[in-house]
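Please treat every number below as a calculation from the coordinates, not as lab data. Small disclaimer: the values here were computed from a predicted structure and weren't measured. All Cβ positions, glycine included, derive from the backbone under ideal geometry; neighbour counts span all protein chains shown.
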Amino acid sequence: MGEARPAIEPALALLELGSIAAGIEAGDAMAKRAPIEVIRAGTVHPGKYLILVGGAVADVEEALEAGRAVGGSSVLDVVLIPNVRQDLVAAIRGERRAASGEALGVIETGTVAAILEAADAGLKGARVQLLEIRLADDLGGKGYLLFDGTVADVEAAVEIGTGRIGGSAGLAWRVIPLLHAEMASNLAADARFAARIRK
């Protein structure tokens, strides 16, 4: 039997830093400040440090406060998601789903924290499925997500998600009705171009 994964609910927070040294110190401060249930930390391209924590809302808020204080000017972005949905947690862990709706929504951001916030807002505000969320590595530090559903629902999710993160750096989005089967096939496969051209 596989190892049981700790839950990341009911709250999740992510602190994104531009310094690895500051990130390690901030992660340590977060772990020492509050009894968080989950802490995952590490480097992503291009030389950023991410700290993901989960647990009771008050504990996560307290840990995040400590991380922000220690991280100081190295903090690039932050997100706190109370009542995090399981489909978002599954996507963060790498789960991918096949498209089944009539439209595809794409949101792209310059930071991981921003894409998590957009995903949370879109999922809670519209009847869509989160197909995938990609975070930082092999993306130059960017994040992107794919929403699936009816045209109206995908448009609503994209509008809500992008509205939540407003002037976030690197923000781009599209709603694509009736995605062509060849593009759907490419999206269902490995998203990296090098992997696609080897086949």
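Taking Cβ atoms as reference points and 12 Å as the exclusive limit, the residues near Val175 contribute a net charge of -4, counting Lys and Arg as +1 and Asp and Glu as -1. Taking the longest Cα principal axis of the chain as reference, the axis of helix 151-165 is set at about 30 degrees. The three principal axes of the C-alpha atoms in the chain carry coordinate ranges of 50, 45, 36 Å, sorted with the longest axis first. Based on the convex hull around the alpha carbon atoms, segment 50-100 presents an average projected area of 4.5 nm². In degrees, nearest 10, range 0 to 90: what is the angle between the Cα axis of helix 20-33 and the longest Cα principal axis of the chain? So the inclination is approximately 70 degrees.
Placing +1 on the Cβ of every Lys and Arg and -1 on the Cβ of every Asp and Glu, with no other charges, gives the chain a dipole of roughly 480 debye about its Cα centre.
Spherically averaged projected area of the convex hull of Cα atoms, segment 93-197: 6.1 nm².
Here the Kirkwood formula, the inverse mean of 1/r across different C-alpha pairs, assigns segment 107-160 a hydrodynamic radius of 10.9 Å. The share of Cα pairs per 10 Å bin across segment 1-119, counted from zero up to the longest distance, runs 14, 44, 31, 10, 2 percent.
Against the chain, whose longest principal axis is taken from its Cα atoms, helix 57-71 shows a tilt of about 70°.
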